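Mind having a look at this structure? Questions to follow.
The values are calculated or read from the model by the stated rules, or taken from the named source; none is laboratory data. If you're wondering where the values come from, they're calculated on a predicted model, not measured in any experiment. Cβ: placed from backbone, ideal geometry, glycine included. Neighbour counts: every protein chain shown. Keep in mind that these areas ignore ligands, DNA and RNA; they rest on the heavy atoms of the full protein, side chains included. Shrake-Rupley method; radii C 1.70, N 1.55, O 1.52, S 1.80 Å.
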Amino acid sequence: MKFTSLAVAGLVVLVANGFALLHAARNRAGQVDAEMTLTQRDLTRMPDVENSGVTLLLNFRDRPNYTPYGYHPDSEDWLDRAKLTSLGFYCSLDPSNESARDFYDRQVPRAVFVALELRTDGLIDVDAATKVDTLRSRYPDRHSVLILPATVRITLRNTYPNNRGTTRISGYIENTPRAIHVPRPFSAFLPPANPAATYRIHVTVGSLLDPWVTGVEPGATGTGLPR
Amino acid sequence: MKTSGLSPADAQKSADRIRTLREELRDPEIAEALALTPEQTARFDAWATSSLTALSRQFDIDTCASQKRMSWGMRIASTLGALAICAAVVLFFLRFWGYLDSWAQAAIVFIAPFAALAGTEYTAQRERARYFTGLMALVALTCFVLNLQVVGEIFNIAATENALLAWGLFGILLAYRYGLRFILFIALFLLVSYGAAFFAARLGYQWMDFGDRPEIAALLGVAVFVLSLRLRHERNSDFPAVYRLVGSLVLLLSLLSLAEWGRGSFLPGQTKNIELFYEFAGLLISAGLISLGIVRDWIGVVNTGAVFFAILLFCRLYHWLWEWIPKYLFFAIIGLVGILLVAALKRLRVQYPAEVAA
């Protein structure tokens with residue numbers, strides 16, 4: 001009895017670690033969701049002299065329609081009214097209504113899955129859905145499309161030029177997990193953080209969508225797209 | 001004097017009362033009014049000395065004013081020292097973990113909380129004042145935070161709110177086992193954050209965005225405050241004050257946030273009206289907390305209420321006047337309101353002993 005609370009504290013540590021390791025094992029034991037080769041353009045090494053661990057930051061471009069002056073009306077914005085409705089947002093109110101800003105900005109964001117496609121100019125978000133299977137059936141190529149959890153928020157955007165054009169319903173993606181740890185021995189092959197350094201990283205994404213590094217090719221160039 | 005069954009906080013209160021009484025009895029005016037005989041005075045002195053010695057032997061409490069001042073210094077020094085050691089532990093690990101294989105990294109961070117727990121227990125058995133025990137407990141909690149953080153990073157596991165629950169429970173267990181108020185304060189904040197993150201995640205938010213819906217945290221703040229009235233703390237009689245402090249801080253911070261950013265509210269209606277509603281609700285609740293604190297003699301609640309009342313009032317005046325009047329006049333009005341507040345509190349302070357006497 002004297003050491004009960006101490007034993008329970010130890011048990012909390014054990015159980016928490018047990019859950020984390022079980023999660024990692026399930027992720028790696030299940031069906032692989034994607035196997036991709038990315039480059040220094042898609043996975044950047046951040047310089048940190050105080051941290052000897054190697055963590056890469058996943059870079060992807062948001063929809064290619066944003067300009068410093070607002071959203072270009074002619075650009076490709078797949079996160080439109082129809083897509084946002086399919087993700088569960090309420091889009092009934094006309095964006096020109098005077099209370100529309102309040103109506104859309106106060107809506108609860110949705111937990112979704114986002115598809116990132118590897119193109120010649122880098123990773124770019126191309127679609128979102130509430131279920132992984134739905135998204136994977138739309139993008140079956142596991143070597144060029146990465147699926148990750150994210151959240152989508154709905155908002156109103158003013159279109160080009162200078163935010164004075166028409167207002168339209170749009171959304172934005174956030175909270176995508178972006179850090180990927182590189183363990184030994186792979187971290188030893190990776191060149192130090194340097195804008196000129198080139199490398200390729202082989203990444204596997206497990207059944208629970210947690211990625212891990214399976215190989216590093218220092219000095220390699222190219223897009224990482226399958227030939 | 002019976003010292004069994006007393007908590008360290010109760011023992012300190014008893015010692016303070018005895019010390020104050022002894023000092024008062026030495027005052028010539030009081031001595032004259034009481035007209036104690038030399039035998040009675042000597043008997044009281046002997047009783048006071050033996051009681052203070054017994055309390056001091058069992059609880060390592062402060063028996064004079066200079067000891068008390070030193071204790072505060074030691075508490076501040078040990079807390080700052082603990083924070084610095086925690087930072088050192090984390091930075092030391094980060095500096096070298098890259099040279100280890102994943103299994104070694106995971107093993108080190110898994111063993112670290114157990115080693116720190118053992119150190120905390122060892123220290124607690126060798127000291128009564130809990131300075132080093134508090135330091136070691138904070139290191140143990142930091143090691144556990146580092147443990148889950150590193151395991152998550154090694155396996156690239158997407159962060160979840162469940163880690164907050166594990167850290168909060170671990171902190172609560174340490175706080176209650178060793179009677180540590182600072183650890184309880186941290187643990188309660190972790191558990192409130194977990195509760196808010198849990199409900200936010202069920203609403204569709206990413207759990208880390210729980211601050212977007214401050215009403216959830218406000219309700220949890222009320223729950224923590226009410227817990228201070230419901231839970232019995234015989235061994236740790238100074239813990240309810242920590243519950244009240246955390247509860248009132250969470251509640252008032254949430255109200256302040258809603259008053260400034262009404263879009264996060266669940267209430268229907270225009271954002272401006274919601275912000276106005278929460279501004280006045282915040283003012284009323286902080287005034288209510290000041291009054292409740294005065295009646296119940298809860299100093300922490302009075303101070304927290306007063307600070308938030310002033311901040312909310314400042315915000316209201318800012319929204320009303322900043323755009324409309326010259327800046328010097330705005331600050332003059334703020335100063336005037338501050339003076340009026342002090343006058344009102346002074347009046348309350350004068351009234352209160354009269355009510356107690358009545």
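Can you pull out every residue in segment A:27-44 that is crowded, with 19+ Cβ neighbours inside 10 Å and either at pLDDT below 85 or assigned to a loop (DSSP other than H, G, I, E, B) (or both)? Before the answer, list the steps.
So the first thing to find is which residues in segment A:27-44 are crowded, with 19+ Cβ neighbours inside 10 Å, and the list is A:27, A:33-34, A:36-40, A:42-43.
Within segment A:27-44, A:33, A:40, A:42 qualify.
Also, quick follow-up: Suppose we filter B:132, B:110 for residues that are away from chain A (no Cβ under 14 Å) and modelled with pLDDT of 85 or more; which single one remains?
Details: B:110 fails: away from chain A (no Cβ under 14 Å).
Being away from chain A (no Cβ under 14 Å) and modelled with pLDDT of 85 or more holds for just one of B:132, B:110, which is B:132.
Let me ask another. Just the residues that are loosely packed, with under 13 Cβ neighbours inside 10 Å and either of a type in the set (Lys, Arg) or more than 14 Å from every other protein chain (Cβ to nearest Cβ) (or both), please, taken from segment B:261-279.
B:272
Would segment B:152-164 turn up any residue that is touching a Pro at 6+ places or on another chain (Cβ under 6 Å), open to solvent by 10 Å² or more (accessible area, probe 1.4 Å) and within 13 Å of another protein chain (Cβ to nearest Cβ)?
The answer is yes, given that some residue of segment B:152-164 is touching a Pro at 6+ places or on another chain (Cβ under 6 Å), open to solvent by 10 Å² or more (accessible area, probe 1.4 Å) and within 13 Å of another protein chain (Cβ to nearest Cβ).
Within segment A:45-62, take every residue that is exposed (fewer than 14 other Cβ atoms within 10 Å of the Cβ) and more than 24 Å from the chain's Cα centre (by Cα) and give me the one that is nearest to the other protein chains (Cβ to nearest Cβ).
Checking each candidate, the answer is A:50.
For (1) surrounded by 22 or more Cβ atoms within 10 Å (Cβ to Cβ); (2) touching a residue at least 12 places away in the same chain (Cβ under 8 Å), each residue gets a yes or a no:
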position	(1), (2)
B:191	no, yes
B:197	yes, yes
B:203	no, no
B:211	no, yes
B:217	yes, yes
B:220	yes, yes
B:223	no, yes
B:226	no, yes
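Something else: Restricting to segment A:177-197, and then to whatever is more than 10 Å from chain B (Cβ to nearest Cβ) and in contact with an Asp or Glu (Cβ under 9 Å, 6 or more places away or on another chain), can you tell me which residue is modelled with the highest pLDDT?
Initially, segment A:177-197 is screened for residues more than 10 Å from chain B (Cβ to nearest Cβ), giving A:178, A:186, A:189-197.
The next check asks that each one be in contact with an Asp or Glu (Cβ under 9 Å, 6 or more places away or on another chain); those that pass are A:189, A:193.
Details: A:189: 80, A:193: 69.
If we take residues in segment A:177-197 being more than 10 Å from chain B (Cβ to nearest Cβ) and in contact with an Asp or Glu (Cβ under 9 Å, 6 or more places away or on another chain), then A:189 is modelled with the highest pLDDT.
A follow-up question, please. Out of all the residues in segment B:173-180, is one or more away from chain A (no Cβ under 12 Å), surrounded by fewer than 23 Cβ atoms within 10 Å (Cβ to Cβ) and either farther than 20 Å from residue A:175 by Cα or in contact with a strand residue (DSSP E or B) (Cβ under 6 Å, 6 or more places away or on another chain) (or both)? If you could, list the steps in order and put the result at the bottom.
Here is the first cut: in segment B:173-180, the ones away from chain A (no Cβ under 12 Å) are B:180.
Those still in the list that are surrounded by fewer than 23 Cβ atoms within 10 Å (Cβ to Cβ) too: none.
No, segment B:173-180 has no match at all.
Specify which of the listed residues (A:155, A:221) is open to solvent by 50 Å² or more (accessible area, probe 1.4 Å), more than 19 Å from residue A:34 (Cα to Cα) and either assigned to a helix (DSSP H, G or I) or modelled with pLDDT under 90 (or both).
Exactly one of A:155, A:221 is open to solvent by 50 Å² or more (accessible area, probe 1.4 Å), more than 19 Å from residue A:34 (Cα to Cα) and either assigned to a helix (DSSP H, G or I) or modelled with pLDDT under 90 (or both), namely A:221.
Let me ask something additional. Would you confirm, using the coordinates I've provided, whether residue B:257 is open to solvent by 10 Å² or more (accessible area, probe 1.4 Å) and not in a helix (DSSP H, G or I)?
Answer is no for this residue.
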